[in-house]
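Chemist: Following this message is one structure expressed as structure tokens.
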Amino acid sequence: MSLDVESLRKDFPIFETQVHGKPLIYLDSASSSQKPRQVVDRMVRFYETEYANVHRGVYDLSERATAAYEGARAACARFVGARDPRSIIFTRGTTEGINLVRFTWARANVKAGDEILVTEMEHHSNLVPWQLLAQEVGASLRHLPVDDEGLLRIDLLDEYITERTKVVAVSLMSNVLGTINPVRALADAAHAAGARIVVDAAQAAPHIPIDVNELDVDFLAYSSHKMLGPTGAGALYGRLDLLEEMPPFHGGGEMIREVFPDHSTWAEVPHKFEAGTPNIAQAVGMGAAVEYLEGLGMGNVRAHEKEMVDYGISKLEEAGAKVYGPKDISIRGGVASFNLDEVHPHDMATILDQEGLCIRAGHHCAQPLMRVLGVPATARASFYVYNTPDEIDALVGALDKAKGWFA
Ligand code: PMP
């Protein structure tokens with residue numbers, strides 16, 4: 001069974017909105033996804049009937065709020081195959097999750113002369129934190145190359161992972177190329193060298209089934225807002241034994257066990273990493289997004305996107321566009337970055353906007369990858385559960401129009 005897109009679109013009130021008097025065609029979910037009514041309603045119900053601070057009150061309402069918040073944590077654990085909800089830390093999103101690892105595990109373990117391996121396709125979120133850490137401790141950064149097809153040069157792993165490597169930081173799916181990377185192979189190589197692997201799953205989590213045990217990763221970060229949930233929430237999975245030995249991230253209320261004038265002791269994992277009042281309603285909304293996606297079935301989500309990206313690539317190529325990334329859709333998610341010779345991506349996005357079409361144009365927070373591709377920018381159409389082949393036809397029709405303008 002694949003997705004019943006016509007019927008699930010009714011869950012998304014935004015599709016009743018018009019843009020420039022045209023029906024909205026939203027092809028920018030890799031940037032941020034739209035929200036189903038079920039997620040919005042869950043947050044409204046939480047605020048209207050269950051809201052209080054969490055983990056503090058002994059009164060019934062606070063216990064209800066805590067149950068909702070911790071229930072969302074359990075959902076986020078289940079979503080990535082984590083066996084214990086304590087291995088999930090709520091964050092503001094992928095960027096914060098990766099920075100948490102940088103400031104805790106990595107700062108305690110990466111020393112002068114060590115190496116951090118990233119890849120040429122990383123989003124700035126999984127590159128800049130490692131640059132900052134390398135500068136701070138005197139470590140060096142290496143970049144696993146990407147080949148002409150948009151695949152990681154796994155054949156070079158022996159050269160790039162050495163006894164000095166302490167961290168391998170890689171995305172499970174590229175936000176530009178759509179490539180789904182062989183993270184298990186990278187995890188095995190990292191572990192064989194005594195390194196830890198940190199996975200950026202911002203793009204993967206919304207679109208492909210994930211099992212942190214099968215991937216054998218140490219840390220994996222993802223964002224709620226790209227997977228039908230609200231902004232301001234994200235989850236960081238960490239291996240429990242690592243989380244337990246790690247120093248805290250932020251200091252403040254909630255993350256302590258006992259506080260003395262000159263020192264403190266820490267709360268149990270995961271609370272040790274959640275200082276202050278968390279984004280409670282956002283976490284509850286993220287849990288509702290997980291439940292919505294589980295209802296659709298992540299296998300069905302993936303199957304739908306394979307169909308969409310397959311159709312999208314063939315239509316874009318027919319229209320004369322250069323599409324970046326692997327052609328093999330078994331290792332590609334629902335992202336199609338492209339360029340049309342005649343039209344600059346920013347002009348294209350502006351012209352398409354007049355037709356009610358939302359696409360992204362720019363460097364997609366991956367400037368080093370743009371240099372590898374030899375372009376300053378690309379246009380990007382990205383697909384999710386609510387997109388239809390008709391919308392791809394509309395995109396291609398609008399591109400033809402754009403070409404006409406510049407002919
Ligand atoms: N990594 C990748 C691959 C992404 O696409 C994004 C979002 N564009 C991020 C990290 C950062 O996610 P967030 O902005 O939710 O922290």
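Chemist: Which of rounded, prolate, oblate describes segment 110-186, given a ≥ b ≥ c as roots of the alpha-carbon gyration tensor eigenvalues and a/c under 1.5 marking rounded, otherwise prolate only if a/b is larger than b/c?
Modeler: Cα axes put segment 110-186 in the oblate bin.
Chemist: Here's another thing I want to ask about it. Distance in nm between label sites at residue 401 and residue 211, each 7 Å beyond Cα in the beta-carbon direction?
Modeler: The two pseudo-label positions are separated by 4.6 nm.
Chemist: Taking amide H atoms as placed 1.01 Å from N in the peptide plane, list the residues 5 or more away in sequence, or in a different chain, whose amide H sits under 5 Å from that of residue 168.
Modeler: Amide H to amide H, under 5 Å and 5 or more residues apart or across chains, residue 168 pairs with 117, 196, 197, 198.
Chemist: For the pair residue 135/residue 107, report the inter-label distance in nm, with labels modelled 7 Å from Cα in the Cβ direction.
Modeler: Between residue 135 and residue 107, the simple spin-label model gives 1.6 nm.
Chemist: Return the distance in nm (one decimal) between the two label points of a simple spin-label model at residue 154 and residue 259, each offset 7 Å from Cα along Cα→Cβ.
Modeler: Between residue 154 and residue 259, the simple spin-label model gives 4.8 nm.
Chemist: Another question, if that's okay. What does the helix-only formula give at 222 nm for the chain: each DSSP H stretch with n ≥ 4 adding -39500 (n - 2.57), the total divided by the residues, and the result rounded to the nearest 500 deg cm²/dmol?
Modeler: Result for the chain, helices only: -11000 deg cm²/dmol.
Chemist: Moving to a separate point now. Take the alpha-carbon centre of segment 165-226, take the same for segment 45-64, and report the distance between them in whole Å.
Modeler: Here the two parts' Cα centres lie 35 Å apart.
Chemist: I need to check one value: relative contact order of the chain, counting alpha carbon pairs closer than 8 Å and at least 6 residues apart, in percent.
Modeler: Relative CO of the chain lands at 23 percent.
Chemist: Residue separation times 0.36 nm, minus the C-alpha to C-alpha distance between residue 302 and residue 45: what's the value?
Modeler: Residue separation times 0.36 nm, minus the Cα-Cα distance, leaves 89.5 nm.
Chemist: So, one more: Rounded to the nearest 0.05, what FRET efficiency do residue 328 and residue 59 have when you use their Cβ-Cβ distance and R0 = 41 Å?
Modeler: Rounded to the nearest 0.05, the efficiency is 0.15.
Chemist: Taking Cα centroids, how far is segment 280-298 from segment 331-388 in Å?
Modeler: If you average the Cα positions of each part, the centres end up 28 Å apart.
Chemist: Under 1.5 on a/c is rounded, so check that first for the chain, then, if it is not, pick prolate when a/b is larger than b/c and oblate when it is not; a ≥ b ≥ c are the square roots of the alpha carbon gyration tensor eigenvalues.
Modeler: oblate
Chemist: Estimate the FRET efficiency between residue 354 and residue 78 by the formula 1/(1 + (r/R0)^6), using the beta-carbon distance for r and 41 Å for R0, to the nearest 0.05.
Modeler: 0.45
Chemist: May I ask you to sort 130, 405, 266 by Cβ crowding, counting other Cβ atoms within 10 Å and putting the fewest first?
Modeler: Starting with the residue having the fewest Cβ neighbours, the order is 405, 266, 130.
Chemist: Same structure again: Once phi is turned into θ = phi - 60°, what whole-Hz ³J(HN,Hα) does the Karplus curve with 6.51, -1.76 and 1.60 give for every residue of segment 241-257, x standing for Gly and Pro?
Modeler: The phi angles translate into 5, 6, 4, 5, 8, 6, x, x, 9, 8, x, x, x, 6, 9, 10, 9 Hz.
Chemist: Please report the antiparallel percentage of DSSP beta bridges with both residues in the chain, rounded to the nearest 5.
Modeler: Rounded to the nearest five, the antiparallel share is 60 percent.
Chemist: Can you count the Lys pairs in the chain with C-alpha separation below 18 Å, eight or more apart or on different chains?
Modeler: 13
Chemist: Among 224, 39, 59, flag the residue with its Cα farthest along the positive direction of the charge dipole of the chain, charges on Cβ as +1 for Lys/Arg and -1 for Asp/Glu.
Modeler: The residue sitting farthest along the positive end of the dipole is 59.
Chemist: Length gain on complete extension for the stretch residue 317 to residue 372, per 0.36 nm per residue less the alpha carbon to alpha carbon distance?
Modeler: Contour length minus the Cα-Cα distance gives 17.7 nm.
Each reported figure results from applying straightforward, stated rules to the coordinates on display, with no laboratory input. Just so you know, these numbers come straight off a predicted model, no measurement behind them. All Cβ positions, even for glycine, are placed from backbone atoms using ideal geometry, and neighbour counts span all protein chains on display.
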